[in-house]
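The values are calculated or read from the model by the stated rules, or taken from the named source; none is laboratory data. These figures come from a predicted structure and were not determined experimentally. Here the Cβ positions follow ideal geometry from the backbone for every residue, glycine too, while neighbour counts run over all protein chains shown. These accessible areas exclude ligands, DNA and RNA; they are computed on the full protein's heavy atoms, side chains included. Shrake-Rupley method; radii C 1.70, N 1.55, O 1.52, S 1.80 Å.
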Amino acid sequence: MTEQEYIQARRSEPWRDELRRNMKAKERSDRTRVHMPELDAEYRSHSLKEEVNLGLSEEQALFEAARCLDCANPTCMEGCPVSINIPTFIKNIERGEFLEAAKVLKETSALPAVCGRVCPQEKQCESKCIYVQKMKKEAVAIGNLERFAADYERISGKVSLPELAPANRIKIAAVGSGPAGLSFAGDMAKRGYDVTVFEALHEIGGVLKYGIPEFRLPNEIVDVEIDVLRKMGVKFVKNCIVGKTISHEDLKEEGFKGIFAASGAGLPNFMNIPGENLIGVMSSNEFLTRVNLMDASNPESDTPVQMGKKVAIIGAGNTAMDAVRTARRLGAERAMVVYRRSEEEMPARLEEVKHAKEEGIEFMTLHNPLQYEGDANGRVQRMQLQKMELGEPDASGRRKPVPIEGAVEWIDVDEVIVSVGVSPNPLIPSSFKGLEVTKWGTIVVNQDTMQSDLPDVYAGGDIVRGGATVILAMGDGRKAAAAMDAALKK
Ligand code: FAD
Ligand code: SF4
């Protein structure tokens, strides 16, 4: 039965539980993966806030959920850093118990609607699905189903709260309200702790708000998940820079028995090449934060971005894709990704690259900027690129880009957005006296407990890993919560 026939059949007759339960494995595995409907590429490349992925319909979710083979040893779960009970939530969807499915997700994840949208599932749970591992087929669309269940619950207005242990009145702090801090806060609140999250910015959510654009992750979705944490008793203090506004000592004096440092890696790296200080050259962090948090796409705002028509984004990670697609939406006629390796080595999620291409983004792979030149007013006017080829694999296992001698060219640009990685925010490592820090500025922790060398300080997410992913940050938050709880109960 094709997806269309199935949807037709479901529309024309009531769904029968028995029939579905008795579906043979072959019938399940013969189905092809349901693909996420999305906005038309030309239309969306002019729309800054409308979400590109539209979500699965009920019919599509039921069809996809029934692809799951209910494996005796569900390997998919090994690929989920927050240990979502994947087969159970998918079975709930298959039975049409969508609210139950959402409850299963919330047992272990504070942000299911977020993860369903931005988690690199193809490298996590889906890469471990038996379809991929043993059958050379497309994985069950675990992420899309997760998004479906979380969205269904939100749209139904019946948002449930996870079970909470009785309050124990022990005060606990999280520093930073990104995915690591939120995940930690949720798990500690479930255990009955009195949790306060301190956030330097005027918005809660970390990169989920200031980095990832609304066309990929609407703020409203993040806010609903934050609201669940509020209802669970988590307190949020905004505009509070720990290490400046209040110190580690102040937190201890105020009675906080444990601190989870989740201050992220928001310090942009540059290439230190000539011309990087010209007007019109900026980091992707600055560009995205101004557009996402400071209304910079509005010329009437206090800090508008002067968007160029020929925009080059240097780098090819998720941040670069977000920046180039934002530039396109703000009117760039030529929006280019300049990347020193080949497409195969690009760190961005495949879906982001695909969407970017559909939106008319140009990919200049195997090119590396050497310098930028400006006009008489000091605004960037052109960039010199070095053509590269791939050599032997380097320490990262990826083939090393090597310059091709004499192969350089100049390209006209009027905006350059540098997106070549980030470094940890330095304030917590520098202001918490005695905290052990690596040469990259990340906090050293015990990998099993996330505890630092200061007994009351745990840390996780990008401040420990450098720029990584939402789900790894959340996994760290969960691990730290379990370990801090165990230590405080001793
Ligand atoms: P953050 O999300 O950075 O949150 C840290 C918070 O701490 C911030 O709100 C910061 O203001 C606050 N803070 C810092 N210092 C202090 C202080 N001293 N006192 C109080 N508060 C402080 N990952 C994916 O998995 N999928 C994606 O699609 C994806 N896309 C991305 C797109 C962009 C543009 C960027 C920048 C990153 C993307 N990532 C993606 C990476 C992912 O967002 C991060 O790995 C993740 O957010 C890290 O979480 P975190 O909680 O450690 O830190
Ligand atoms: Fe279902 Fe795939 Fe997990 Fe097996 S590995 S339980 S098929 S999602």
**Asked** On the given criteria, is residue 194 over 23 Å from the mean Cα position of the chain (by Cα) and either away from ligand 1 (no atom under 16 Å from the Cβ) or open to solvent by 40 Å² or more (accessible area, probe 1.4 Å) (or both)?
**Response** yes
**Item:** Selection status of residue 91, open to solvent by 10 Å² or more (accessible area, probe 1.4 Å), in a helix (DSSP H, G or I) and away from ligand 2 (no atom under 15 Å from the Cβ)
**Value:** no
**Asked** residue 172 fails exactly one of the following numbered conditions: (1) near ligand 1 (Cβ under 10 Å from one of its atoms); (2) touching a residue at least 60 places away in the same chain (Cβ under 8 Å); (3) over 25 Å from residue 103 (Cα atoms); (4) crowded, with 22+ Cβ neighbours inside 10 Å. What is the number of that condition?
**Response** (1)
**Request:** Could you look through segment 416-431, keep only residues that are of a type in the set (Ser, Thr, Tyr) and outside any loop (DSSP other than H, G, I, E, B), and pick out the one that is most open to solvent (accessible area, probe 1.4 Å)?
**Result:** 430
**Complete:** Residues of segment 100-109 being open to solvent by 20 Å² or more (accessible area, probe 1.4 Å) and in contact with a helix residue (DSSP H, G or I) (Cβ under 6 Å, 6 or more places away or on another chain), in sequence order, are 100
**In segment 286-316, the residues that are at pLDDT 95 or above and farther than 17 Å from residue 201 by Cβ** = 310, 311, 312, 313, 314, 315, 316
**Message:** So residue 83 ticks every box in (1) more than 16 Å from ligand 1 (Cβ to nearest atom); (2) under 24 Å from residue 216 (Cβ atoms); (3) not charged (D, E, K, R) but one. Which box is left unticked?
**Reply:** (2)
**Asked** Scanning segment 432-490 for residues that are away from ligand 1 (no atom under 13 Å from the Cβ), open to solvent by 30 Å² or more (accessible area, probe 1.4 Å) and small (Gly, Ala, Ser), which turns out modelled with the lowest pLDDT?
**Response** 434
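So which of 150, 113, 180 ends up being under 26 Å from residue 457 (Cβ atoms) and part of a helix (DSSP H, G or I)? Spell out how you get there, then give the answer.
Working: 150 fails: under 26 Å from residue 457 (Cβ atoms); 113 fails: under 26 Å from residue 457 (Cβ atoms).
Result: 180 is the single residue among 150, 113, 180 that is under 26 Å from residue 457 (Cβ atoms) and part of a helix (DSSP H, G or I).
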**Asked** Conditions: (1) more than 13 Å from ligand 1 (Cβ to nearest atom); (2) within 23 Å of the chain's Cα centre (by Cα); (3) in contact (Cβ under 8 Å) with a residue 24 or more places away in the chain. Residue 252 meets all but one. Number of the miss?
**Response** (2)
**Identity of the residue in segment 358-410, closer than 16 Å to residue 315 by Cα and not in a strand (DSSP E or B), that ends up least open to solvent (accessible area, probe 1.4 Å)** = 361
**Prompt:** Picking from 141, 61, which residue would you name as being assigned by TED's automatic domain parsing to the domain that holds residue 30, touching a Lys or Arg at 6+ places or on another chain (Cβ under 6 Å), open to solvent by less than 50 Å² (accessible area, probe 1.4 Å) and within 15 Å of ligand 2 (Cβ to nearest atom)?
**Reply:** 141
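Report whether or not residue 77 is assigned to a helix (DSSP H, G or I), more than 16 Å from ligand 1 (Cβ to nearest atom) and assigned by TED's automatic domain parsing to the domain that holds residue 33. Steps first, please.
Values: assigned to a helix (DSSP H, G or I): yes; more than 16 Å from ligand 1 (Cβ to nearest atom): yes; assigned by TED's automatic domain parsing to the domain that holds residue 33: yes.
So residue 77 fits the description; yes.
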**Request:** Please report, ordered by residue number, the helices (runs of 4 or more DSSP H) entirely within segment 201-294 with at least 2 residues that are in contact with a Phe, Trp or Tyr (Cβ under 7 Å, 6 or more places away or on another chain) and surrounded by 16 or more Cβ atoms within 10 Å (Cβ to Cβ).
**Result:** 284-293
**Message:** Please go through segment 191-226 and give me each residue that is in contact with a Leu (Cβ under 7 Å, 6 or more places away or on another chain) and on the phi > 0 side of the Ramachandran plot, ordered by number.
**Reply:** 192
**Residue list for segment 124-142, restricted to those being within 16 Å of ligand 1 (Cβ to nearest atom) and either free of Cβ contacts under 8 Å to residues at least 24 places away in the same chain or under 11 Å from residue 68 (Cα atoms) (or both)** = 142
**Complete:** Taking segment 156-169 and the residues there that are open to solvent by 70 Å² or more (accessible area, probe 1.4 Å) and modelled with pLDDT under 95, the one that is farthest from residue 109 (Cα to Cα) would be 158
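Going by what's in this entry, would residue 413 be described as open to solvent by less than 20 Å² (accessible area, probe 1.4 Å), over 29 Å from residue 252 (Cβ atoms) and modelled with pLDDT of 95 or more? Write out each step before concluding.
Details: open to solvent by less than 20 Å² (accessible area, probe 1.4 Å): yes; over 29 Å from residue 252 (Cβ atoms): yes; modelled with pLDDT of 95 or more: yes.
Here the answer is yes, as residue 413 does meet what is asked.
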